[in-house]
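Shown next, in structure tokens, is the structure this report addresses.
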Amino acid sequence: MKKTINIIMSVAAVVFGVVFAVTGIKTISEKDLYDTQITATVVDVQEEWENSADPDEPDRLVNNAYIDYEFDGKKYEHVPAPEQDDNTKVGDSVDILVQSENPEKISGLNPTKGGVIFIVLGILVAIAGCVSSVRLFIKKR
């Protein structure tokens, strides 16, 4: 029973790793869609509790910033900011990238950063799953 669970976990790691890597590749391939840089204004910063994924870690209070921006004469209001830090405050100006074909889609100035993180994480998880699978099959013999 234990070997079956280990095999399932190894295969799941490979699958999740591949999914992460593909998601990262998709993110990077879409970076050229964000073709217009504009300036937005922070209009609201809300404190919200974020649940910890680890039951041993306490929940934490985070600030979520919301921005207003205008593109081609249309206003977009109270949109979650794509990037922020703990020092973000109401009235701050932030530069964002907008898809001119779909201006509701916005990004921070470096849309490839998240894609690269997903690719690296995906490759590492997939490799760990492959190594674990190989070790299990070698032990089986």
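The values are calculated or read from the model by the stated rules, or taken from the named source; none is laboratory data. Because the structure is predicted, anything quoted here is derived from the model rather than measured. Every residue, glycine among them, receives a Cβ derived from its backbone with ideal geometry; neighbour counts consider all protein chains shown. Note: accessible area is taken over every heavy atom of the protein model, side chains too, but ligands, DNA and RNA are not part of it. Shrake-Rupley method; radii C 1.70, N 1.55, O 1.52, S 1.80 Å.
Once the Cα-Cα distance is subtracted from the 0.36 nm per residue extended length, the GLU83 to THR23 segment shows a gain of 19.7 nm. Amide H to amide H distances under 5 Å link PHE71 with TYR76, where only residues 5 or more positions off or on other chains count and H is placed in the peptide plane. Between ALA53 and ALA12, with labels modelled 7 Å along Cα→Cβ, what's the label distance in nm to one decimal, could you check? Simple spin-label model gives 1.4 nm for this pair.
Over the chain, Cα pairs under 8 Å with separation of 6+ residues give a relative contact order of 38 percent.
These residues, LYS26, LYS139, go from largest to smallest accessible area, 1.4 Å probe, as LYS139, LYS26. Taking the C-alpha atoms only, the angle from helix 112-140 to the longest principal axis of the chain is near 10 degrees. Legend: residues LEU124, LEU109, LEU136, sorted from most to least accessible area (1.4 Å probe; ligands, DNA and RNA excluded), read LEU124, LEU109, LEU136.
Once both labels are positioned 7 Å from their Cα atoms along Cα-to-Cβ, the gap between ILE117 and SER93 label points is 2.7 nm. Here LYS31 is the anchor, and the lysines within straight C-alpha reach of less than 21 Å, apart from those fewer than 8 places off in the same chain, are LYS105, LYS113. Here's how it looks for THR36: its modeled amide H is under 5 Å from those of VAL98, SER100, which are all 5 or more places away or on a different chain.
Residues in the stretch 73-81 carry Karplus couplings, in order, of x, 9, 8, 10, 10, 6, 9, x, 5 Hz; the curve used is 6.51 cos²θ - 1.76 cosθ + 1.60 with θ = phi - 60°, and Gly or Pro positions show x. Relative to the first principal axis of the alpha-carbon coordinates of the chain, what is the inclination of helix 2-29, with its axis defined by its Cα atoms, in degrees from 0 to 90 and to the nearest 10? Relative to the chain, helix 2-29 is tipped by roughly 30 degrees. When a 1.4 Å probe is rolled over the protein heavy atoms, the share of accessible surface on the stretch 69-141 that falls to carbon and sulfur comes to 56 percent.
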